[in-house]
Amino acid sequence: MVSLCDIEIGQEVEIAQFLDSSIKCNSQRFGLFEGGKVKCIAKPGPVIVEISKQVVAIGRNLAGKIFVNVCEK
């Protein structure tokens, strides 16, 4: 398990857990939930992910508090 800010561009990951419940609650507004799959599409500063054809930019501080498992291809 790694943090969202540690994944590579192009990797698809499954969200495993959030550091605390407030992050979990706020992230759900953007479609980020445990068990959900996201794909990293860019990392120019924030981590930019695609979630069900929606693009969301997540600041590195927040991305470091979201833990994911890399999906096998």
Which residues, counting only those in region 39-67, are β-branched (V, I, T), touching a residue at least 24 places away in the same chain (Cβ under 8 Å) and within 12 Å of E8 (Cα to Cα)? I41, V47, V49
Pairs under 7 Å by beta carbon, first residue on the phi < 0 side of the Ramachandran plot in region 13-28, partner basic (K, R) and not in a strand (DSSP E or B), six or more apart or different chains? F18/K24; F18/K65; L19/K65; I23/K65
Of all residues in region 28-52, which are outside any strand (DSSP E or B), within 16 Å of N69 (Cβ to Cβ) and of a type outside the set (D, E, K, R)? L32, F33, G35, G36
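FYI, it's all coordinate maths here, none of it is from the lab. None of the values given here were measured: they were computed from a predicted structure. Don't worry about glycine lacking a Cβ; one is built from the backbone with ideal geometry, like all the others, and counts go over all protein chains shown.
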